Structure formats: C-alpha cells, structure tokens
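The values are calculated or read from the model by the stated rules, or taken from the named source; none is laboratory data. Because the structure is predicted, anything quoted here is derived from the model rather than measured. Cβ: placed from backbone, ideal geometry, glycine included. Neighbour counts: every protein chain shown.
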Amino acid sequence: MQIKDSAVVVTGGASGLGAAVARAFAGKGAAVVLFDRDAARGQALATEIGATFVEVDVTSEASVQAGVLAARAAMGRISVLVNCAGIATGARTLGRDGPHDLALFQRTIDINLVGSFNCMRLVAAEMAGNAAVEGERGVVINTASIAAFDGQKGQTAYAASKAAIAGMTLPAARDLAGVGVRVCAIAPGVFLTPMLEGLGADLQDGLAADVTFPKRLGRPEEFAALAGFIVECNYLNGEVIRLDGALRMR
C-alpha cells in the first residue's frame with residue numbers, strides 16, 4: 001500500500017507521535033482524520049495540514065463508532081489506522097503511601113490497551129469492505145513501548161498496557177489476515193514529545209545518555225517514518241519493532 005492517496009485515521013493525533021504521523025502522511029498525499037479528546041489542538045493541527053478532526057474518546061465504543069462514520073464520510077474509506085492515543089503513568093506497586101492506586105492502573109489499561117483494541121476492531125470492520133489491492137485492504141499500526149520488555153520502577157501499569165499491545169500484535173494479524181488487513185506495532189524508546197519537553201534540558205540529557213547510538217532522544221518524525229515504512233512494506237505483518245537507538249532500560 002502506498003501512503004499517497006491512502007485514507008488514514010490517527011488516534012492521539014493532536015500532539016506528540018500522533019501529530020508527527022499526521023503531518024508526515026498528509027505531506028505525502030494521504031487523506032487524514034485525527035481522533036483526539038483535545039478539540040482545540042486537534043482542530044488547529046487539522047486546519048494546518050488539511051486534515052479532518054473528530055473529537056473521540058478511544059475507550060468508548062459509541063464515540064469510536066461515531067468517529068469511524070465521520071472518517072468514512074470525510075475520506076470515503078479507511079485504509080490505515082495508526083493508534084497513538086495513550087497516557088504515561090508512574091506509580092510503584094507498593095509505594096510510600098501504600099499500594100498502587102487501582103483506579104490509576106485500570107485507567108492506564110483502559111486508555112492504552114482497551115482504547116487501541118477498540119479502535120482496531122471497529123476500524124478493521126470498516127477496512128474489510130475496502131477493495132483489495134494484491135489482497136490487501138488495510139494496515140493497523142499500534143504503539144507499544146520498550147517498557148513492554150524492560151519497564152522501570154514505577155511503570156507497572158504502563159508496562160503492562162504496552163506489553164499487552166505487543167502481545168496482541170501477532171494474534172490480531174492472524175485474526176485479520178482473512179480480510180486482508182495487516183497488523184504491526186512500534187515500540188518506541190524515549191522520544192522528545194511534549195511530555196518530555198516540559199522536563200527540562202538536564203533531565204532530557206540524562207535520558208539521552210543511556211541511549212547506545214545515536215545519543216539523543218528520538219524524534220517524532222522518526223516514529224512517523226517507521227509508520228510510513230510499515231504501511232508501504234506489504235510483507236511486514238505481525239511484527240513489533242523497537243525504535244530506540246539500542247536503548248535497554250536499566
């Protein structure tokens with residue numbers, strides 16, 4: 001599948017990795033619809049890049065269903081889904097104030113994992129009606145994390161959510177093979193997203209020091225470039241790809 005003339009939905013598309021994907025794909029001639037809860041930033045970006053914004057809560061079946069209908073109305077079809085919506089939380093299983101807050105754990109799982117699955121299943125149902133090109137009707141890219149494999153202290157909830165995304169990649173690819181939809185995941189390392197930009201240069205430099213090479217934080221456009229490669233490499237399926245400069249978290 002070629003990015004040019006594809007019809008792309010990006011969740012979490014108002015900022016960070018999702019915004020980089022939206023910009024990159026729109027710049028290559030794709031029609032793009034952004035799903036996000038941040039209406040102000042989402043609409044501003046959509047206007048900037050010539051995309052469509054839909055306010056969507058990825059954890060809600062009704063909200064995603066409405067988003068899918070809006071995306072179909074805007075683009076005529078959906079051929080690519082890039083799931084970037086998610087949150088990063090930090091809390092130890094047993095901390096100074098007691099056990100990990102259960103509501104925080106459940107919220108992390110609900111947004112990161114259930115939200116990704118919710119969008120994947122509903123968009124895949126839409127993709128199944130596309131005309132096939134060499135048997136292919138769609139591509140789904142989910143966002144895992146290197147925390148799925150070597151999560152640090154305080155990342156129990158986040159690592160669990162991302163490990164589950166990594167774990168569902170192959171079975172989802174097998175499930176959707178019959179309708180011609182490929183499924184892959186990207187497991188990014190430490191990227192310079194708005195969350196990290198607010199932490200200050202000293203902390204950013206400390207995080208970058210652990211990266212093997214190149215010794216810097218990842219750039220969102222590099223994540224977007226890998227997403228683009230996955231879309232256009234038709235034989236790539238069922239794979240979780242680390243994008244981390246060979247970083248292995250301590």
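A few points about this structure:
- Residues (modelled with pLDDT of 75 or more, in a loop (DSSP other than H, G, I, E, B), under 22 Å from the mean Cα position of the chain (by Cα) and farther than 29 Å from ALA124 by Cβ) located in the range 183-210: VAL190, LEU192
- Some residue of the range 241-250 being closer than 17 Å to VAL80 by Cβ and touching a Pro at 6+ places or on another chain (Cβ under 9 Å): no
- For the range 153-201, a residue qualifies if it is crowded, with 19+ Cβ neighbours inside 10 Å, among the charged types (D, E, K, R) and closer than 19 Å to ALA128 by Cβ, and exactly one does: ARG182.
- Within the range 84-113, residues that are touching a residue at least 60 places away in the same chain (Cβ under 8 Å) sit with their Cβ atoms under 8 Å from residues that are exposed (fewer than 13 other Cβ atoms within 10 Å of the Cβ), at 6+ positions apart or across chains, in these pairs: ALA88/MET195; ARG92/LYS153; THR93/PRO99.
- Any hit, the range 136-151, residues being acidic (Asp, Glu), assigned to a helix (DSSP H, G or I), closer than 25 Å to ILE241 by Cα and in contact with a Ser or Thr (Cβ under 8 Å, 6 or more places away or on another chain): no
- Remark: pairs (first residue in the range 3-25, more than 21 Å from LEU69 (Cα to Cα); second residue part of a helix (DSSP H, G or I) and among the acidic types (Asp, Glu); Cβ separation under 6 Å; 6+ apart in sequence or on different chains) = ALA20/GLU221.
- Of the strands (runs of 3 or more DSSP E) entirely within the range 1-101, those holding at least 3 residues that are farther than 30 Å from GLN155 by Cα and either in contact with a helix residue (DSSP H, G or I) (Cβ under 7 Å, 6 or more places away or on another chain) or of a type in the set (Asp, Glu) (or both) occupy 31-36, 52-55.
- Scanning the range 1-17 for residues that are more than 21 Å from LEU236 (Cα to Cα) and not hydrophobic (A, V, I, L, M, F, W, C) yields THR11, GLY12, GLY13, SER15, GLY16.
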